[in-house]
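Each remark here refers to the structure printed beneath this line.
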Amino acid sequence: MQKLKHIAAGLILAGALPVSAMAQNLDLSDTGVLLDGVAAVVNDGVVLLSELDEQTKLIVQRLREENTDLPPREVLIPQILERLVISELQLQRAAQGGITVPDSMLNRALADVARRNGTTLGQLPQLLAADGVDYNAYRKEMRQQLIVEQLRQREVISRISVTPRELEEYLEREQGSSYRDKRFKISHILISISSAATPEDIAAAEQKAQEIYQRVLDGEDFAKLAVAYSDAQNALEGGSMGWREGDSLPTLFATIVPELAAGETAAPVRSASGFHVVRLEAVEGNERIMENQVRARHILLKPDEIMDDAVIEQRLKDIRASIMGGDDFSAIAKAVSEDPGSAIEGGDLGWAGPGTFVPEFEQVMNDLEIDEISEPFQSPFGWHIIQLLERRVHDTTDDVRQQRAIMAIRESKLAEETELWVRQMRDEAFVEYRL
């Protein structure tokens, strides 16, 4: 259930606000029933006291499970409320942009959660209930997460460009970098700077970052300080950024983190979004990536109005028999195969690792012996016969790194761009706290 607990981290559970806060913001209806109150006005929307109450209990529970010391409630509550404000702003912006998540997309995401937890979508409500999570609330939270992710894809990720020069410099730099074969577990605290900050505001933010850094050096718990003071989106996770591959470190951290020892914290560094206090929690070396690969060729035929499945299957049986009798597989594939990508190569699919092909194709291919030709079978693309040509164990480390290069550059820019995006959204919003 660990995965479900992680995904449910943003879900709404039962309340935890002090009675005094509730009394100041809740009213009685005409029937004497206690009504919800407003914790913050956000543009033309609101964050309800019940949302703040429920999120507070959930986050306090999670921090206790992680053995993270809780900051005072007068520090924790504003952090949680600010997160809810940001979430409301993002959902408002998504609504204005016409971003929606239909039930079909939501159900696919939930089915994936169920699969990774060894169950089915139909059994997911029961599994969640055993963890104390309401299924309807879970669906709502998942839908909101998917909406925000689409918004972030549209407004942040899609705008991060990688120039040929950046790619070239990246590959050259990584070729000689000793840290690219390592993984780093890092945490950070952000003291943000508004886009309209004055020199005095910047100096105050820098002073605050320096004070936090000194408190870390004096032995205070980094995660507790992050929960209390960080303006980053991961503040309530103790500032944890999780494990990062060496070649995917954010640009700002790439020159800092590799120089730190595990457990060491770097002095504050400045970026466009503010001042960062970065801590290296742990480091480990990466092993070479060895992959079991196969090379096969196939012939694909697709049913149409003239030839149905039965006719196509029989035709492939005849083709298989002629190849077994001595006809050339490659020549026949070039002549009749309806896979334009491989037909020109005589049906050759090249070397491929696990997950390259659809499951129906991969299962048949993996069951073949070298040079064996399969019986005709069906996949979502049509009907196939496959001949397995070779197997090998291949070192794909360099191949994978080249494939990751552009993704790593984008990822290195993503955290900073996301913080700037969120900060700009927040600066432009009307927010009135009612606590």
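Can you give the charge dipole size of the chain about its Cα centre, rounded to the nearest 20 debye, using +1 on the beta carbon of Lys and Arg and -1 on the beta carbon of Asp and Glu?
Details: 46 positive and 73 negative charges, 127 e Å.
The calculated dipole for the chain is roughly 600 debye.
Quick one: angle between helix 73-96 and the longest Cα principal axis of the chain, in degrees between 0 and 90, rounded to 10, please.
Tilt relative to the chain: about 50 degrees.
Please give the peptides 306-313, 416-423 ranked by average Cβ packing (other Cβ atoms within 10 Å per residue), highest first, as a rough proxy for protection. Let's see the in-between values first.
On the way: 306-313: 12.8, 416-423: 18.8.
Put in order of decreasing packing, that is 416-423, 306-313.
Given a cut-off of under 8 Å on Cα pairs at least six residues apart, what relative contact order in percent is computed for the chain? Mind dumping the intermediate values first?
Numbers: 632 pairs, mean separation 80.1, N = 435.
Value for the chain: 18 percent.
Near the amide H of GLU338, under 5 Å away, which other amide H atoms are found, from residues 5 or more places off or on another chain, if H is placed in the peptide plane?
LEU300, LEU301
Roughly speaking, what is the stretch gain from LEU70 to GLN314, that is 0.36 nm per residue apart minus the C-alpha to C-alpha distance, in nm to one decimal? Don't skip to the answer; put the middle values down first.
Working: separation 244, 0.36 × 244 = 87.84 nm, distance 6.95 nm.
The LEU70-GLN314 span can extend by a further 80.9 nm.
Between GLN424 and ASP221, what is the FRET efficiency for a Förster distance of 30 Å, r being their Cβ-Cβ separation, to the nearest 0.05? Intermediate results must be reported in sequence, preceding the final value.
Values: r = 31 Å, r/R0 = 1.04.
Working from the Cβ atoms, E equals 0.45.
Please compute the length gained on full extension between GLN126 and ALA261, using 0.36 nm multiplied by the number of residues separating them and subtracting their Cα-Cα distance. Please report the intermediate quantities before stating the final value.
Working: separation 135, 0.36 × 135 = 48.60 nm, distance 4.47 nm.
Roughly 44.1 nm would be gained on extension.
So I have (i) -0.91, -1.26; (ii) -0.77, -1.06; (iii) -0.72, -1.18, and one of them is log10 I(q)/I(0) by the Debye sum over Cα atoms at q = 0.10, 0.13 Å⁻¹ calculated from this model. Which one is it?
(i)
So, R0 is 25 Å and r is the distance between the beta-carbons of MET324 and ILE344; what FRET efficiency does that work out to, to 0.05?
Numbers: r = 24 Å, r/R0 = 0.95.
So, using R0 = 25 Å, E works out to roughly 0.55.
Among VAL269, VAL277, which comes first, then next, by fewest other beta-carbon atoms within 10 Å? Working shown, then result.
Numbers: VAL269 16, VAL277 27.
Result, fewest neighbours first: VAL269, VAL277.
Quick check on the exposure proxy: order ARG152, ARG73 from fewest to most C-beta atoms within 10 angstrom. Kindly include the intermediate steps, with their values, before the conclusion.
Values: ARG152 18, ARG73 15.
With the fewest neighbours first, ARG152, ARG73 line up as ARG73, ARG152.
Among GLU305, GLU88, GLU65, whose mean-square fluctuation peaks in a Gaussian network model of the chain (Cα, cutoff 10 Å)?
So, out of GLU305, GLU88, GLU65, the one fluctuating most is GLU305.
Using only the alpha-carbon atoms, how far is helix 397-428 inclined from the longest principal axis of the chain? Give it as 0 to 90 degrees, nearest 10.
Here the helix axis deviates by roughly 30 degrees.
Pick from TYR135, TYR229, TYR213 the residue whose mean-square fluctuation is largest in a GNM of the chain, springs joining Cα atoms under 10 Å.
Between TYR135, TYR229, TYR213, it is TYR135 that shows the largest mean-square fluctuation.
In deg cm²/dmol and to the nearest 500, what is the mean residue ellipticity at 222 nm of the chain if only DSSP H runs of at least 4 residues count, each as -39500 (n - 2.57), divided by the residue total? Present the calculation step by step, with values, prior to reporting the outcome.
On the way: 16 runs with 207 residues, N = 435.
One gets -15000 deg cm²/dmol as the mean residue ellipticity at 222 nm.
Compute the long axis of helix 199-217 from its Cα atoms, compare it with the longest principal axis of the Cα atoms of the chain, and write down the angle in degrees, 0 to 90, nearest 10.
80
Rounded to whole Å, give me the distance from the Cα center of segment 35-110 to that of segment 233-293.
27
Which aspartates and glutamates, if any, have their Cα less than 16 Å from the Cα of LYS413, not counting same-chain residues under 8 positions apart?
GLU155, GLU166, GLU169, GLU245, ASP247
For LYS224, go through the lysines and keep the ones whose alpha-carbon is under 24 Å away, minus same-chain ones fewer than eight residues off.
LYS3, LYS5, LYS57, LYS185, LYS208
Just so you know, all these numbers are worked out from the coordinates, no wet-lab data involved. Worth saying up front: this structure is predicted, and the values here are computed from it rather than measured. Methodologically, a virtual Cβ is constructed for each residue, glycine included, from the backbone with ideal geometry; neighbour enumeration extends over all protein chains shown.
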